[in-house]
1. Taking the range 1-48 as the search range and keeping residues that are among the hydroxyl-bearing types (S, T, Y) and surrounded by 14 or more Cβ atoms within 10 Å (Cβ to Cβ), which one is nearest to L73 (Cα to Cα)?
2. Taking S69 as the residue in question, decide whether it is without any contact (Cβ under 8 Å) to a residue 40 or more places away in the chain and small (G, A, S).
3. Quick check: is even one residue across the range 16-23 part of a helix (DSSP H, G or I), of a type in the set (G, A, S) and in contact (Cβ under 8 Å) with a residue 12 or more places away in the chain?
4. What's the total number of residues in the range 28-73 that are of a type in the set (K, R) and either farther than 21 Å from G18 by Cβ or touching a Leu at 6+ places or on another chain (Cβ under 8 Å) (or both)?
5. Could you run through the range 24-48 and say how many residues are in a loop (DSSP other than H, G, I, E, B) and either free of Cβ contacts under 8 Å to residues at least 12 places away in the same chain or not basic (K, R) (or both)?
6. Collect the residues in the range 49-75 that are surrounded by 14 or more Cβ atoms within 10 Å (Cβ to Cβ), among the β-branched types (V, I, T) and not in a loop (DSSP other than H, G, I, E, B), keeping them in residue-number order.
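Each value in this text was obtained by applying a stated rule to the coordinates, not by laboratory testing. Worth saying up front: this structure is predicted, and the values here are computed from it rather than measured. Cβ placement follows ideal geometry from the backbone for every residue including glycine, while neighbour counts extend to all protein chains displayed.
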Amino acid sequence: MQDRIKTVMAQIFNVDIGAITDESSPENIERWDSLRHMQLVLALEDEFGVTFSDGDIPELLSLRAIEKSVGILAR
């Protein structure tokens, strides 16, 4: 699952997949702004067939957080 998330993140933020780490966040990915965050959310929903709640979306601010949320929703 993590590789799929990294692939989506790399595409949305236009960075090399190797640049995506557990600590990747808006603080260290320059292109991670509010618009790209929403693009990321939509791409993740498409990739995994899940729907994030309005409360989940602001919490998806790191690879680790995304992985946890997708794992919970994909069950």
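1. Among them, the one singled out is T7.
2. Here the answer is yes, as S69 does meet what is asked.
3. no
4. Total meeting the criteria: 1.
5. 9
6. Once the filter is applied, which keeps residues that are surrounded by 14 or more Cβ atoms within 10 Å (Cβ to Cβ), among the β-branched types (V, I, T) and not in a loop (DSSP other than H, G, I, E, B), the range 49-75 yields I57, I66, V70.
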